[in-house]
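The values are calculated or read from the model by the stated rules, or taken from the named source; none is laboratory data. Please read all numbers here as calculations on a predicted model, not as lab measurements. Please note: Cβ atoms are built from the backbone with ideal geometry, for glycine as well, and neighbour counts cover all protein chains shown.
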Amino acid sequence: MAFKSINPYNNKELASFPEHSTSEQEAMLKKADKTFAEWRTWSFADRAKVLNKAAALLLENLEKYAETISLEMGKPISESRAEVKKCAWVCEYYAENAETFLSPKSISTDAHESYVTYEPMGAILAIMPWNFPFWQVFRFAAPTLMAGNVGLLKHASNVLGSAKHIADIFLEAGAPEGAFQHLLVSHGSIETLLENDIVKAVTLTGSEKAGASVASLAGKNIKKSLLELGGSNAFVVLEDADIDKAIEIGVKARFMNTGQSCIAAKRFIVVEKVYDKFVEGFVKKVKALKSGDPMSDSSEIGVLAREDLADILAEQVDKSVEMGAKVLIGQKQKGAYYEPTVLTDISADMPVFKEETFGPVTPIIKVKDVKEAFEVAANTEFGLGISVFTQDLNQVKKYINLVPDGAFFVNDLVKSDPRLPFGGTKKSGYGRELSRDGMMEFVNVKTVYIQ
Ligand code: NDP
């Protein structure tokens, strides 16, 4: 069987990648294991040289990588360039900080000497999605490799050109063959991979369904798993908010990556006093968004990564409209393109409220006051993050520990940053990526006690 990369903007085939046979997969696992024995002995400084070189290669070849991203999954080219730059940042960040994060910690006890070390685990399997085909992989790979682990990537089957570039980058940067390999396999092979003793842990970014399946396979094999799944972040606008700023950032928070981001704002909750002003300004800005060829510099909205994803979105919107949602703008689909859409008169049982909408669709909900705003925000199975727009920082701080999400942002959109932990609660998954916390997920925290 061969996997095909298809440009979702024009349905043209870009490339075809033959699947690795079972024996090829086994040989790659053996190579990962062998390389781990060597790679773990490299000093942090030597591993940092590889990561810094990878960062340099990303920047040198920015245009080539950005083009592959946009061609394979349809995001506007300007956003693909930004994605590649962010990958360089995360490589540099861990190159600089890994040694400090993982340096042994001395703890005084009644022993002569006691301390904790943070040691690599071995081969870590990463099952990654197509929405940020470079970033999702680099935010796993940079801390994992710096910790002395080796990486095995099973990328989404529609972005295998991106996967190849990434594997090539690490090789060219000087990582030993086997430190980072990408497996050309369908997700049906994951069970066998997780049963193999060489694979020590797994991380997955993707849908709830894929997450549940991988977590149960990991559990069966007593292996650690980390899940970064969907979200339905609330974007709350309180009556004292700077409305112009909330509109400007709200449009970015929802429409970036053509709406295909786990941390995108997906439920807009606006206090009634400022509701009309917010809705009017928001719709005006959405109307001005320029849809077009993802390869064009001026496009702000591209296409969804696959036509079936646009079909799912259309179904969610159409069903919500049947249930009473009002369309202020949008609701048109053409192939993988879905027009930026704004809906009002939303109830909590509609798909656009209850489910994750992975595309350019904005439901706006009117609430009485701050109390109701947080109640509506909490009415979700997901827990990635929340954005709140207000000038009253004392009031908003009282809500921080009442919201069970993985992130609470005030006056900005929820975003990932190498310096800050990233991850969710509830059906958004568990575990953290990025920062020191993310690096700790795939290390053996070893207690040393010498009497
Ligand atoms: P999937 O979750 O199916 O794909 C993500 C990754 O998981 C891919 O590498 C995929 O491989 C793999 N995968 C799929 N099913 C399984 C499984 N049973 N066991 C192990 N791995 C699996 O996402 P879709 O592409 O189907 O998108 C569907 C929805 O998922 C989106 O609309 C969105 O709601 C959510 N999603 C969330 C993302 C996030 O950032 N949190 C990212 C992507 C999707 P393969 O390509 O071979 O199927």
In segment 237-261, how many are surrounded by fewer than 22 Cβ atoms within 10 Å (Cβ to Cβ), without any contact (Cβ under 8 Å) to a residue 60 or more places away in the chain and either within 16 Å of the ligand (Cβ to nearest atom) or under 30 Å from P133 (Cβ atoms) (or both)? 1
Just need a number here: residues in segment 408-433 that are away from the ligand (no atom under 13 Å from the Cβ) and under 15 Å from I249 (Cβ atoms). 6
Hits in segment 204-217 (condition: more than 9 Å from the ligand (Cβ to nearest atom) and surrounded by fewer than 16 Cβ atoms within 10 Å (Cβ to Cβ)): S216
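Residue by residue, here is whether (1) surrounded by fewer than 18 Cβ atoms within 10 Å (Cβ to Cβ); (2) in a loop (DSSP other than H, G, I, E, B); (3) within 13 Å of the ligand (Cβ to nearest atom) holds:
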site	(1), (2), (3)
G188	yes, no, yes
T192	yes, no, yes
V202	no, no, yes
G219	yes, no, no
Could you pull out every one of the strands (runs of 3 or more DSSP E) wholly within segment 231-346 that has 2 or more residues that are of a type in the set (S, T, Y) and at pLDDT 95 or above? 341-344
Condition check for P351: within 27 Å of E315 (Cα to Cα), surrounded by fewer than 22 Cβ atoms within 10 Å (Cβ to Cβ) and over 21 Å from the mean Cα position of the chain (by Cα): yes
Taking segment 58-109, which residues are over 26 Å from A45 (Cβ atoms), under 20 Å from the mean Cα position of the chain (by Cα) and of a type in the set (G, A, S)? A66, S70, G74, S78, S80, A82
Could you please let me know if V352 is modelled with pLDDT of 95 or more, within 16 Å of the ligand (Cβ to nearest atom) and assigned to a helix (DSSP H, G or I)? yes
Take the residues of segment 134-164 that are away from the ligand (no atom under 16 Å from the Cβ) and out of contact with any Ser or Thr (no Cβ under 6 Å at 6 or more places or on another chain): which is nearest to K85 (Cα to Cα)? A142
Mind listing whichever residues of segment 94-133 are in contact with a Pro (Cβ under 8 Å, 6 or more places away or on another chain) and either part of a loop (DSSP other than H, G, I, E, B) or within 16 Å of the ligand (Cβ to nearest atom) (or both)? none
Every residue in segment 51-93 that is surrounded by fewer than 18 Cβ atoms within 10 Å (Cβ to Cβ) and either at pLDDT below 95 or not in a helix (DSSP H, G or I) (or both), please. N61
What number of residues within segment 166-205 are farther than 20 Å from G122 by Cα, out of contact with any Leu (no Cβ under 7 Å at 6 or more places or on another chain) and among the small types (G, A, S)? 2
